[in-house]
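Asker: Following this message is one structure expressed as C-alpha coordinates.
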Amino acid sequence: VELSEMLCSQDLQLPFSEARLAVVGAGKMTRLLLTHLASRGLEQITIVNRSRKSPEELAEQFPDVQVDIKLMDDLWDVVANADIVYTATSAVDYLVDKGLLEENGLGGGKPLMLVDIAVPRNVGTDCNEVPNVVAYNVDDLKAVVARNTAMRQKEMIEAETLLEEESAAFCGWRESLSAIPTINQLQERANEFRTEELKKCSRKLGHLNDNEMEAVERLSRGIVNKLLHGPMTHLRKTESIEGKQATLKELSAMFRLDEKDNAGRNGRRRN
(Lines give C-alpha, C1' and ligand atoms only; values in the text may rest on other atoms or scores of the structure.)
Protein backbone atom coordinates (compact mmCIF):
# COMPACT_ATOMS: atom_id res chain seq x y z
CA VAL A 1 0.00 0.00 0.00
CA GLU A 2 2.73 2.45 0.92
CA LEU A 3 4.58 1.74 -2.32
CA SER A 4 1.53 2.29 -4.54
CA GLU A 5 0.49 5.35 -2.54
CA MET A 6 3.99 6.83 -2.79
CA LEU A 7 4.36 6.24 -6.54
CA CYS A 8 0.78 6.89 -7.65
CA SER A 9 1.29 10.53 -8.60
CA GLN A 10 4.56 9.73 -10.37
CA ASP A 11 3.33 6.72 -12.35
CA LEU A 12 -0.35 7.47 -12.87
CA GLN A 13 -0.48 11.28 -12.63
CA LEU A 14 -3.33 11.20 -10.13
CA PRO A 15 -3.62 11.15 -6.33
CA PHE A 16 -3.91 7.77 -4.64
CA SER A 17 -7.30 8.71 -3.16
CA GLU A 18 -8.73 9.02 -6.68
CA ALA A 19 -7.24 5.80 -8.09
CA ARG A 20 -9.58 2.95 -8.99
CA LEU A 21 -8.37 -0.14 -7.16
CA ALA A 22 -8.73 -3.85 -7.84
CA VAL A 23 -7.24 -6.95 -6.27
CA VAL A 24 -6.96 -10.43 -7.73
CA GLY A 25 -7.34 -13.12 -5.07
CA ALA A 26 -9.29 -13.25 -1.81
CA GLY A 27 -6.99 -14.93 0.69
CA LYS A 28 -5.02 -13.82 3.72
CA MET A 29 -2.87 -11.30 1.81
CA THR A 30 -5.97 -9.66 0.37
CA ARG A 31 -7.49 -9.37 3.85
CA LEU A 32 -4.30 -7.67 5.10
CA LEU A 33 -4.33 -5.42 2.04
CA LEU A 34 -7.92 -4.38 2.70
CA THR A 35 -7.07 -3.70 6.34
CA HIS A 36 -4.32 -1.26 5.32
CA LEU A 37 -6.43 0.33 2.61
CA ALA A 38 -9.42 0.74 4.94
CA SER A 39 -7.19 2.53 7.45
CA ARG A 40 -6.41 5.03 4.69
CA GLY A 41 -10.07 5.69 3.96
CA LEU A 42 -10.72 3.17 1.19
CA GLU A 43 -14.33 3.41 0.02
CA GLN A 44 -14.51 1.06 -2.98
CA ILE A 45 -12.53 -1.83 -4.47
CA THR A 46 -13.09 -4.66 -6.94
CA ILE A 47 -12.09 -8.19 -5.95
CA VAL A 48 -11.50 -10.78 -8.68
CA ASN A 49 -11.55 -14.41 -7.57
CA ARG A 50 -12.31 -17.93 -8.81
CA SER A 51 -15.41 -18.10 -6.59
CA ARG A 52 -17.62 -15.64 -4.75
CA LYS A 53 -17.47 -17.19 -1.27
CA SER A 54 -14.18 -15.72 -0.03
CA PRO A 55 -14.79 -12.21 -1.46
CA GLU A 56 -18.25 -12.18 0.15
CA GLU A 57 -16.70 -13.07 3.51
CA LEU A 58 -14.21 -10.22 3.08
CA ALA A 59 -17.03 -7.84 2.20
CA GLU A 60 -18.72 -8.75 5.49
CA GLN A 61 -15.49 -8.04 7.41
CA PHE A 62 -15.23 -4.55 5.87
CA PRO A 63 -18.77 -3.14 5.92
CA ASP A 64 -17.54 0.43 5.32
CA VAL A 65 -15.92 -0.57 2.03
CA GLN A 66 -17.98 -1.12 -1.11
CA VAL A 67 -16.68 -4.41 -2.53
CA ASP A 68 -17.50 -5.24 -6.15
CA ILE A 69 -17.01 -8.99 -6.71
CA LYS A 70 -15.97 -10.36 -10.10
CA LEU A 71 -14.98 -13.84 -11.26
CA MET A 72 -11.80 -14.66 -13.20
CA ASP A 73 -13.66 -14.55 -16.51
CA ASP A 74 -13.93 -10.79 -16.01
CA LEU A 75 -10.24 -10.32 -15.10
CA TRP A 76 -9.21 -8.31 -18.15
CA ASP A 77 -12.27 -6.08 -18.04
CA VAL A 78 -11.42 -5.29 -14.42
CA VAL A 79 -7.75 -4.63 -15.26
CA ALA A 80 -8.79 -2.36 -18.12
CA ASN A 81 -11.01 -0.26 -15.84
CA ALA A 82 -8.59 -0.10 -12.87
CA ASP A 83 -5.71 2.27 -12.20
CA ILE A 84 -3.96 0.02 -9.66
CA VAL A 85 -4.27 -3.77 -9.64
CA TYR A 86 -2.92 -5.81 -6.71
CA THR A 87 -2.34 -9.53 -7.25
CA ALA A 88 -2.36 -11.94 -4.33
CA THR A 89 -3.20 -15.45 -5.50
CA SER A 90 -1.51 -18.81 -4.99
CA ALA A 91 -1.28 -19.41 -8.75
CA VAL A 92 1.97 -20.98 -9.93
CA ASP A 93 1.94 -19.39 -13.39
CA TYR A 94 1.80 -15.69 -14.19
CA LEU A 95 -1.69 -14.22 -14.28
CA VAL A 96 -0.39 -11.10 -16.03
CA ASP A 97 2.59 -10.71 -18.33
CA LYS A 98 3.58 -8.67 -21.37
CA GLY A 99 2.01 -11.05 -23.86
CA LEU A 100 -1.31 -11.22 -22.02
CA LEU A 101 -1.49 -7.43 -21.65
CA GLU A 102 -0.89 -6.92 -25.34
CA GLU A 103 -3.26 -9.76 -26.27
CA ASN A 104 -6.04 -8.06 -24.29
CA GLY A 105 -5.39 -4.65 -25.80
CA LEU A 106 -3.83 -3.07 -22.70
CA GLY A 107 -0.52 -2.02 -24.23
CA GLY A 108 0.01 1.71 -24.63
CA GLY A 109 -3.36 2.68 -23.21
CA LYS A 110 -4.03 4.60 -20.01
CA PRO A 111 -1.43 4.33 -17.22
CA LEU A 112 -1.68 1.12 -15.20
CA MET A 113 0.11 0.08 -12.03
CA LEU A 114 0.48 -3.61 -11.16
CA VAL A 115 1.47 -4.45 -7.59
CA ASP A 116 2.32 -8.13 -7.11
CA ILE A 117 2.25 -9.11 -3.42
CA ALA A 118 2.08 -12.85 -4.12
CA VAL A 119 4.74 -15.51 -3.64
CA PRO A 120 5.34 -17.04 -6.12
CA ARG A 121 4.85 -14.06 -8.38
CA ASN A 122 1.62 -13.47 -10.26
CA VAL A 123 2.99 -10.74 -12.53
CA GLY A 124 5.83 -11.10 -15.02
CA THR A 125 8.64 -8.57 -14.84
CA ASP A 126 8.33 -8.08 -18.61
CA CYS A 127 5.16 -6.08 -17.92
CA ASN A 128 7.46 -3.08 -17.45
CA GLU A 129 8.24 -3.31 -21.17
CA VAL A 130 4.63 -2.47 -22.03
CA PRO A 131 4.06 1.27 -22.62
CA ASN A 132 2.24 3.05 -19.74
CA VAL A 133 2.44 -0.04 -17.52
CA VAL A 134 4.56 -0.23 -14.35
CA ALA A 135 4.89 -3.40 -12.31
CA TYR A 136 6.16 -3.81 -8.76
CA ASN A 137 6.77 -7.00 -6.79
CA VAL A 138 7.73 -8.20 -3.31
CA ASP A 139 11.37 -7.18 -3.80
CA ASP A 140 10.25 -3.60 -4.44
CA LEU A 141 8.07 -3.78 -1.34
CA LYS A 142 11.05 -4.95 0.73
CA ALA A 143 13.03 -1.95 -0.48
CA VAL A 144 10.22 0.36 0.63
CA VAL A 145 10.04 -1.35 4.02
CA ALA A 146 13.82 -1.00 4.45
CA ARG A 147 13.67 2.68 3.49
CA ASN A 148 10.75 3.33 5.85
CA THR A 149 12.56 1.50 8.66
CA ALA A 150 15.64 3.66 8.12
CA MET A 151 13.49 6.79 8.12
CA ARG A 152 11.76 5.76 11.34
CA GLN A 153 15.12 5.04 12.99
CA LYS A 154 16.32 8.48 11.91
CA GLU A 155 13.15 10.06 13.30
CA MET A 156 13.63 8.14 16.56
CA ILE A 157 17.18 9.46 16.89
CA GLU A 158 15.96 13.00 16.17
CA ALA A 159 13.18 12.58 18.73
CA GLU A 160 15.63 11.31 21.35
CA THR A 161 17.92 14.28 20.69
CA LEU A 162 14.98 16.66 20.99
CA LEU A 163 13.89 15.03 24.26
CA GLU A 164 17.41 15.35 25.65
CA GLU A 165 17.56 19.02 24.69
CA GLU A 166 14.13 19.73 26.19
CA SER A 167 15.01 17.78 29.32
CA ALA A 168 18.22 19.78 29.73
CA ALA A 169 16.30 23.03 29.18
CA PHE A 170 13.70 22.01 31.77
CA CYS A 171 16.37 21.04 34.29
CA GLY A 172 18.08 24.37 33.68
CA TRP A 173 14.81 26.25 34.20
CA ARG A 174 14.04 24.29 37.35
CA GLU A 175 17.51 24.94 38.69
CA SER A 176 17.18 28.63 37.89
CA LEU A 177 14.31 28.80 40.38
CA SER A 178 16.82 28.16 43.15
CA ALA A 179 18.41 31.54 42.37
CA ILE A 180 15.20 33.51 43.06
CA PRO A 181 15.51 33.50 46.90
CA THR A 182 19.12 34.66 46.67
CA ILE A 183 18.21 37.43 44.22
CA ASN A 184 15.42 38.58 46.54
CA GLN A 185 17.75 38.49 49.54
CA LEU A 186 20.38 40.42 47.62
CA GLN A 187 17.90 43.12 46.67
CA GLU A 188 16.58 43.35 50.23
CA ARG A 189 20.10 43.53 51.66
CA ALA A 190 21.15 46.24 49.26
CA ASN A 191 17.99 48.24 49.97
CA GLU A 192 18.68 47.98 53.71
CA PHE A 193 22.18 49.38 53.17
CA ARG A 194 20.74 52.20 51.09
CA THR A 195 18.08 53.04 53.66
CA GLU A 196 20.58 53.00 56.53
CA GLU A 197 22.95 55.33 54.73
CA LEU A 198 20.13 57.74 53.89
CA LYS A 199 19.10 57.81 57.54
CA LYS A 200 22.64 58.66 58.56
CA CYS A 201 22.55 61.64 56.22
CA SER A 202 19.01 62.72 57.11
CA ARG A 203 20.15 65.64 59.29
CA LYS A 204 22.47 66.95 56.61
CA LEU A 205 19.67 66.68 54.05
CA GLY A 206 17.03 68.29 56.26
CA HIS A 207 17.09 71.53 54.26
CA LEU A 208 15.87 69.72 51.11
CA ASN A 209 12.21 69.91 50.12
CA ASP A 210 10.09 66.86 49.27
CA ASN A 211 10.87 66.94 45.55
CA GLU A 212 14.57 67.15 46.22
CA MET A 213 14.42 64.27 48.73
CA GLU A 214 12.55 62.18 46.17
CA ALA A 215 15.34 62.91 43.70
CA VAL A 216 17.90 61.71 46.25
CA GLU A 217 15.82 58.55 46.80
CA ARG A 218 15.71 57.86 43.07
CA LEU A 219 19.45 58.50 42.80
CA SER A 220 20.22 56.07 45.61
CA ARG A 221 17.96 53.39 44.15
CA GLY A 222 19.53 53.86 40.72
CA ILE A 223 23.04 53.44 42.14
CA VAL A 224 22.01 50.25 43.98
CA ASN A 225 20.31 48.80 40.89
CA LYS A 226 23.37 49.43 38.73
CA LEU A 227 25.64 47.83 41.31
CA LEU A 228 23.39 44.76 41.53
CA HIS A 229 22.86 44.43 37.78
CA GLY A 230 26.18 42.67 37.15
CA PRO A 231 25.95 40.03 39.91
CA MET A 232 22.30 39.21 39.16
CA THR A 233 22.88 38.98 35.41
CA HIS A 234 25.80 36.63 36.01
CA LEU A 235 23.62 34.53 38.31
CA ARG A 236 20.83 34.24 35.73
CA LYS A 237 23.19 33.41 32.84
CA THR A 238 25.13 30.68 34.62
CA GLU A 239 23.96 27.53 32.84
CA SER A 240 25.53 24.59 34.67
CA ILE A 241 24.08 23.47 37.97
CA GLU A 242 27.52 23.42 39.58
CA GLY A 243 28.30 26.90 38.29
CA LYS A 244 25.01 28.31 39.57
CA GLN A 245 25.50 26.78 43.01
CA ALA A 246 29.03 28.20 43.20
CA THR A 247 27.75 31.66 42.20
CA LEU A 248 25.01 31.50 44.83
CA LYS A 249 27.57 30.71 47.52
CA GLU A 250 29.87 33.51 46.38
CA LEU A 251 27.10 36.10 46.42
CA SER A 252 25.81 34.90 49.78
CA ALA A 253 29.28 35.22 51.25
CA MET A 254 30.05 38.53 49.55
CA PHE A 255 26.90 40.25 50.80
CA ARG A 256 26.65 38.22 54.06
CA LEU A 257 23.17 37.02 53.22
CA ASP A 258 23.47 34.00 55.51
CA GLU A 259 24.22 36.28 58.46
CA LYS A 260 20.98 38.14 57.88
CA ASP A 261 19.00 34.87 57.72
CA ASN A 262 20.62 33.60 60.91
CA ALA A 263 19.93 36.88 62.67
CA GLY A 264 16.32 36.76 61.60
CA ARG A 265 15.92 33.19 62.81
CA ASN A 266 17.57 34.01 66.16
CA GLY A 267 15.28 36.99 66.61
CA ARG A 268 12.25 34.83 65.98
CA ARG A 269 13.45 32.29 68.53
CA ARG A 270 13.84 35.02 71.20
CA ASN A 271 10.35 36.27 70.49
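The values are calculated or read from the model by the stated rules, or taken from the named source; none is laboratory data. Remember, it's a predicted structure, so these values are computed and weren't measured experimentally. Glycine gets a Cβ as well: all are built from the backbone with ideal geometry, and neighbour counts include every protein chain shown. For accessibility, only protein heavy atoms count, side chains too; no ligands or nucleic acids. Shrake-Rupley method; radii C 1.70, N 1.55, O 1.52, S 1.80 Å.
Asker: Residues in the range 167-184: is at least one open to solvent by less than 50 Å² (accessible area, probe 1.4 Å), without any contact (Cβ under 8 Å) to a residue 60 or more places away in the chain and out of contact with any His (no Cβ under 9 Å at 6 or more places or on another chain)?
Answerer: yes
Asker: Kindly evaluate Ala26 against the criterion of being surrounded by fewer than 21 Cβ atoms within 10 Å (Cβ to Cβ) and of a type in the set (A, V, I, L, M). Reasoning before the result, please.
Answerer: Working: surrounded by fewer than 21 Cβ atoms within 10 Å (Cβ to Cβ): no; of a type in the set (A, V, I, L, M): yes.
Taking the combined requirement at face value, the residue does not satisfy it.
So that you can scan it fast, the table gives a plain yes or no per residue for (1) modelled with pLDDT under 90; (2) at negative phi:
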site	(1), (2)
Asp83	no, yes
Ala88	no, yes
Val96	no, yes
Gly105	no, no
Gly109	yes, yes
Leu112	no, yes
Gly124	no, yes
Ala146	yes, yes
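Asker: Please identify the pairs in which a residue from the range 66-80 that is closer than 15 Å to Leu95 by Cβ and in a strand (DSSP E or B) has its Cβ atom under 8 Å from the Cβ atom of a residue that is of a type in the set (Asp, Glu) and open to solvent by 30 Å² or more (accessible area, probe 1.4 Å), counting only partners at least 6 apart or on another chain.
Answerer: Taking only residues 6 or more apart or on different chains, the pairs are Lys70/Asp77.
Asker: Quick check on the range 41-69: of everything there that is among the charged types (D, E, K, R) and surrounded by 12 or more Cβ atoms within 10 Å (Cβ to Cβ), which residue is farthest from Val79 (Cα to Cα)? Working first, answer last.
Answerer: Initially, the range 41-69 is screened for residues among the charged types (D, E, K, R), giving 43, 50, 52-53, 56-57, 60, 64, 68.
The next check asks that each one be surrounded by 12 or more Cβ atoms within 10 Å (Cβ to Cβ); those that pass are 50, 52, 56, 68.
Working: Arg50: 15, Arg52: 18, Glu56: 20, Asp68: 13 Å.
Of everything passing the filter in the range 41-69, Glu56 is farthest from Val79 (Cα to Cα).
So that you can scan it fast, the table gives a plain yes or no per residue for (1) open to solvent by 60 Å² or more (accessible area, probe 1.4 Å); (2) within 25 Å of Gln13 (Cβ to Cβ); (3) touching a strand residue (DSSP E or B) at 6+ places or on another chain (Cβ under 9 Å); (4) in a helix (DSSP H, G or I):
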| position | (1), (2), (3), (4) |
| --- | --- |
| Val92 | yes, no, no, no |
| Val115 | no, yes, yes, no |
| Cys127 | no, yes, yes, yes |
| Pro131 | yes, yes, no, no |
| Ala143 | no, yes, no, yes |
| Arg147 | yes, yes, no, yes |
| Gln153 | yes, no, no, yes |
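Asker: I'm trying to understand the selection: among the residues of the range 8-52, which are hydrophobic (A, V, I, L, M, F, W, C), part of a helix (DSSP H, G or I) and more than 21 Å from Leu95 (Cβ to Cβ)?
Answerer: Cys8, Phe16, Ala38
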